[in-house]
Amino acid sequence: MNRRWLDANPWVWSLIGAVLVWGLTVASVEGRGGMETLSTALGFATFYVIVGIGQMLVISAGPGNIDLSIPSVMMLSGYLSMGVMHAQDAGLVLGVLVALGVGLGAGIANVVLIRGLNIPPMIATLAAGFVMQSMTIAYSRGSTAKPAPLLLQFSLARVLGVPVIALLFLAVAGVVAFVLARSSFGRSVLAIGQNARAAYLAGVRIPRTMAAVYLVSSVLASVAGLLLAAYSGGASLNMAEDFLLMSIAVVVLGGTAISGGQATVAGVWSASLFLYLIVTMLNVLGVGAGLRYVITGLIIIGVLAVSKSRPA
């Protein structure tokens, strides 16, 4: 690989990192369980991908755009959807509809705060997140929050060792990549991120496009909450605590410009695998939680430094 090609495809750095970390993890256990580790990483990293795609769309729409309500949407979606299922397949459809309703409601709330009341996105989504977090805490006191058996089976299902949810969201990622590259909506998002004034003069419907990216982000977060609650055997108040920083980290590490105007769907996948494999490797090595966060942060900084550097 030449440097120019790597500069044009920054997501490759996180993919290289994922391969190296996986190799080190397998070597540390003398080659045992290598494919099982990769399969597990694919399954769990999928949840980073789901929220990462939504965050990517928001961030690529320009400076200042970010969705900090993602973890709260996930928790509220997980609790309410599991609550109406009552661990029965008969409640599965209603549970899915409730989860999607939470996502739509959260997205609309964010849009009203940002576009209607002109509150900066960071403050608006953070405030909306606090409200939803409080609602979740209040609801959790009387909820068993267990998934329907069919949903539990789906979340854990594998085909030839590959998690079904990973295959599903590989397809979703492909659709999103196509939309960004080929559709008027995708071009509008990137145009706004590059220069909102120029996009407006070119006839881009900025309010409609911005509303759409925040709605998509919230709906994807609600889907992630539904599936993560099922995957974990039930919702919990700490199930999404890592997803705020991770949803941003996978976007930035994956090569999406934090200033907007450029999005890389493949990078969300490679960065998600990279970050989850780092956690796995450190767990295998017996590194404590505090030191694990420090090492993970240093590795992220190192990868960003390498990928952003340019030859003199």
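Projected label points at ALA171 and ASN238, each 7 Å from Cα along the beta carbon direction, are separated by 3.6 nanometres. Among PHE243, PHE130, a tally of other beta-carbon atoms within 10 Å of each Cβ gives an order, fewest to most, of PHE130, PHE243. Kindly state, to the nearest 0.05, the FRET efficiency for GLN194 paired with LEU160, given R0 = 51 Å and r defined as their beta-carbon distance. Calculated transfer efficiency: 0.80. With the convex hull constructed from alpha-carbon coordinates only, the chain shows a mean projected area of 17.5 nm² over all directions.
If the label point is 7 Å along Cα→Cβ of VAL112, which residues in segment 207-230 have backbone nitrogen under 20 Å from it? Those under the cut-off are 207-222. Relative contact order of segment 3-308, taken over Cα pairs closer than 8 Å and 6 or more residues apart, is 36 percent. Between ALA181 and VAL19, full extension at 0.36 nm per residue minus the direct alpha carbon distance yields a gain of 55.6 nm.
Taking each residue as 0.36 nm, the span from GLN153 to VAL284 lengthens on full extension beyond its C-alpha to C-alpha distance by 44.5 nm. Database remark: amide H of THR256 closer than 5 angstrom to the amide H of THR264 (H placed geometrically; neighbours at sequence offset of 5 or more, or on other chains; Pro and chain starts carry no H).
Positive end of the dipole of the chain (Cβ unit charges, origin at the Cα centre): among LEU275, GLY23, GLY54, the Cα lying farthest that way belongs to GLY54.
Only Cα pairs under 8 Å and 6+ residues apart enter the sum, and on that basis the relative contact order of segment 49-180 stands at 32 percent. Only helices enter the 222 nm calculation for the chain: every DSSP H run of n ≥ 4 contributes -39,500 (n - 2.57), and dividing by all residues gives -24000 deg cm²/dmol, rounded to 500.
Each Lys or Arg adds one and each Asp or Glu takes one away; over the other residues whose Cβ falls under 12 Å from the Cβ of ILE192, this sums to +4. Residue order for MET239, MET75, MET82, fewest other beta carbons within 10 angstrom first, comes to MET239, MET82, MET75. Each principal axis of the Cα cloud of segment 21-139 was taken in turn, and the coordinate range along them, longest first, works out to 57, 44, 22 Å. Each residue in THR46, THR264 was given a count of other beta-carbon atoms within 10 angstrom of its own, and listing them fewest first yields THR264, THR46. Computed from backbone phi with θ = phi - 60° and the Karplus coefficients 6.51, -1.76 and 1.60, the 3J(HN,Hα) list for segment 37-52 is 4, 5, 5, 5, 4, 4, x, 6, 5, 4, 5, 4, 5, 4, 6, x Hz; x is used for glycine and proline.
Where a number appears in this text, it was derived from the coordinates with a stated rule and is not lab data. From a predicted model like this one, the values you see are computed outputs, not experimental measurements. Methodologically, a virtual Cβ is constructed for each residue, glycine included, from the backbone with ideal geometry; neighbour enumeration extends over all protein chains shown.
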